[in-house]
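The values are calculated or read from the model by the stated rules, or taken from the named source; none is laboratory data. It should be emphasised that the depicted structure is a prediction, and the values quoted were computed from it without experimental measurement. Positions of Cβ are generated from backbone atoms using ideal geometry, with glycine treated the same way; all protein chains shown enter the neighbour counts. Areas reflect the complete protein model, heavy atoms only, side chains present, ligands, DNA and RNA absent. Shrake-Rupley method; radii C 1.70, N 1.55, O 1.52, S 1.80 Å.
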Amino acid sequence: MSPKAADWLERIRALDLPRKVRIMNVCGGHERSISKAGLRNVLPDTVELIPGPGCPVCVCPEEDIYQAIQWATNEDLTLATFGDMLRVPVNLRKNEIRSLEQAKAAGADVVPVASPQEAVALARARPERRVVFFAAGFETTTAPVAAMMAQGVPENLFLLLSGRRTWPAVSLLLNAGEVGFDALIAPGHVATVMGPEEWECVATDHEMPVAIAGFDSDSLLAAIHSVLRQVQEGAPLLDNCYTLAVQPGGNPVARRLLADVMEIADANWRGIGEIPASGFVLRPEYAAHDARKALPVEEGEARRRMGEMPAGCECASVVLGRIYPAQCRIYGAPCTPRNPVGPCMVSDEGACRIWWSNGRRA
Ligand code: SF4
């Protein structure tokens, strides 16, 4: 631990908290840093850190993954997607193809890409084939996708977009009857793009302490200290503990690109349901490259089964911070990174995968 982080930890330990304080984070990167640094083990017992909705792959609706599998296996096209989407299972029968990885193994042309530029390069390299770029992500991932579309893409490239906005999911939690946390660590990357202002109403409307954090222990502990002090003093506010990257108004170029290329729409979150104004969709002027509009959509019986979670899977409760990963009845047996039952055990940003990878067995 750096001297700065150790100093923040000392300050946290010196606080006289009136009660146990539950702090939710809403970023897979935060949860990864917290787990890797073992922060839960060094914080006082009066501080509880809860992973929340921080994994876009985990909330990507089954019907989108199912559709991607159908296109990859039934159509004469190439399916490009970020690597962590490949192994996400959908709830199909054992004899059916249940992930893009299985589709690839069965001969489908599925290509992992690391960026929108790679998807464009793939389409340019294969002009005779249609290429679908399946992009699931929060604001930070969706902004580069918007840039890709704004720059113009090859005729044979189509976008299956599962872009999601972080803030509406947090709003859903805050407006729920019983809020399961007392303070919020807001996502540094999202605030870098969208601006810190999105998180102000946590303090003003919900009277809940909130601090934006970066991704090292210094910044996370500074943010934890900030919200704990706010609890102690009974004076909630929005504190920016990631000033190196987060500026008022966010990144104006990225925000303009998002607004120019995409519209905000109600969107389905896997296991959770529809959340108002929580998704990005392409504007009508990009319809020729919108895979949902330009390609045939599968409407079969299997698609209607989409949305049912696998038996025993409690990913939705994990994503909403209602249970810890290890409280899922099938965490570790049978659900492991090698044999994932739910999406939270697949992605690097999934809480179950992060906990398991960092040795949490119970
Ligand atoms: Fe989902 Fe597996 Fe985690 Fe359970 S252990 S919540 S099934 S990912």
Q: Keeping all protein chains in place, calculate the accessible area per residue for the chain (probe 1.4 angstrom), answer in Å².
A: 42 Å²
Q: Measure off 7 Å from each Cα along the Cα-to-Cβ vector at Glu200 and Glu96, then give the distance between these two points in nanometres to one decimal.
A: 4.7 nm
Q: Any chance you could look up the accessible area of Asp16 with a 1.4 Å probe, heavy atoms only, rounded to 10 Å²?
A: 120 Å²
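Take every DSSP beta bridge with both residues inside the chain and express the antiparallel ones as a percent of the total, to the nearest 5.
Working: 9 of 42 bridges.
The antiparallel proportion sits near 20 percent.
Relative to the present Cα-Cα distance, how much length would full extension add between Arg292 and Asp216 at 0.36 nm per residue of separation?
Values: separation 76, 0.36 × 76 = 27.36 nm, distance 3.90 nm.
Residue separation times 0.36 nm, minus the Cα-Cα distance, leaves 23.5 nm.
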Q. Where is the GNM fluctuation largest for the chain (alpha-carbon springs, 10 angstrom cutoff): Tyr324, Tyr242, Tyr286?
A. Tyr286
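With every protein chain kept in the model, how would you rank Glu263, Glu314, Glu207, Glu10 by accessible area, 1.4 Å probe, largest at the top?
Details: Glu263 70, Glu314 40, Glu207 140, Glu10 100 Å².
In descending accessible area the options line up as Glu207, Glu10, Glu263, Glu314.
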Q) To the nearest 10 square angstrom, how much accessible area does His189 have with a 1.4 angstrom probe? A) 90 Å²
(Q) Check which residues have an amide H placed less than 5 Å from Leu160's amide H, if you skip close sequence neighbours. (A) Phe133, Phe134, Ala135, Ala291
Q | Along each principal axis, Cα extent of the stretch 144-240, largest first, Å | A | 58, 34, 19
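Convex hull over the alpha-carbon atoms of the stretch 91-143: what's its volume per residue in Å³? Spell out each step's value before the answer.
Details: hull volume 5.4 nm³, N = 53.
Taking the convex hull of the Cα positions in the stretch 91-143, it is 101 Å³ per residue.
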Q | Helix 3-14 axis, angle to the chain major axis (alpha carbon atoms, nearest 10°) | A | 60 degrees
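Just by accessible area at a 1.4 angstrom probe, what is the order of Arg98, Arg93 from largest to smallest? Present the calculation step by step, with values, prior to reporting the outcome.
Details: Arg98 70, Arg93 125 Å².
From most accessible down to least: Arg93, Arg98.
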Q) Can you give the three extents of the C-alpha atoms in the stretch 217-362 along their principal axes, from longest to shortest, in whole Å? A) 56, 46, 26
Q) Given a cut-off of under 8 Å on Cα pairs at least six residues apart, what relative contact order in percent is computed for the stretch 1-139? A) 22 percent
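If I stretch the segment between Thr243 and Thr46 completely, what's the gain in nm (0.36 nm per residue apart, minus their alpha carbon distance), one decimal? Write down the numbers at each step before the final one.
Working: separation 197, 0.36 × 197 = 70.92 nm, distance 2.75 nm.
Contour length minus Cα-Cα distance gives 68.2 nm.
Based on the mean of other Cβ atoms within 10 Å per residue, sort peptides 53-62, 274-283, 245-254 so the most packed one is first. Mind showing how you got there, number by number?
Numbers: 53-62: 27.4, 274-283: 18.1, 245-254: 15.3.
Ranked by mean Cβ neighbours within 10 Å, highest first: 53-62, 274-283, 245-254.
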Q: Would you mind checking the stretch 88-111 for residues with the amide N under 20 Å from a putative spin-label position 7 Å along Cα→C-beta of Arg329?
A: 91-92
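Which percent of the accessible area of the chain is formed by carbon and sulfur heavy atoms (probe 1.4 angstrom)? Display every interim value, and only then the final one.
Details: 7310 of 15150 Å².
Of the solvent-accessible surface of the chain, carbon and sulfur hold 48 percent.
Rg over Rh of the stretch 315-355, using C-alpha atoms and the Kirkwood radius, what does it come to?
Details: Rg = 8.7 Å, Rh = 9.7 Å.
Taking Rh as the inverse mean 1/r over Cα pairs, Rg/Rh reads 0.90.
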Q: Set Lys and Arg Cβ to +1 and Asp and Glu Cβ to -1, take the dipole of the chain about its Cα centre, and tell me which of Pro236, Trp356, Val319 lies farthest positive.
A: Trp356
Q. Using Cα atoms only, what is the angle between the long axis of helix 252-261 and the major principal axis of the chain, expressed in degrees (0 to 90) to the nearest 10?
A. 40 degrees
Q) With charges only on Cβ, +1 for K and R and -1 for D and E, what is the dipole size of the chain about its Cα centre, in debye, rounded to 20? A) 1020 debye
Q. Radius of gyration and Dmax for the chain's Cα atoms, expressed in Å?
A. 20.7, 67
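Multiply the residue separation of Arg283 and Arg338 by 0.36 nm, subtract the distance between their alpha-carbon atoms, and state the gained length in nm to one decimal. Numbers along the way, then the final one.
Details: separation 55, 0.36 × 55 = 19.80 nm, distance 3.86 nm.
Going from the current span to full extension adds 15.9 nm.
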Q: Jot down the radius of gyration and Dmax of the stretch 57-146, Cα atoms only, both in angstrom.
A: 12.7, 37
Q) Along the charge dipole of the chain, which of Leu159, Leu258, Leu86 sits closest to the positive end, that is, farthest toward it, with unit charges on the beta carbon of Lys, Arg, Asp and Glu (+1, +1, -1, -1)? A) Leu86
Q: Ignoring everything but the protein chains, give the 1.4 Å probe accessible area of Lys4 in square angstrom, nearest 10.
A: 130 Å²
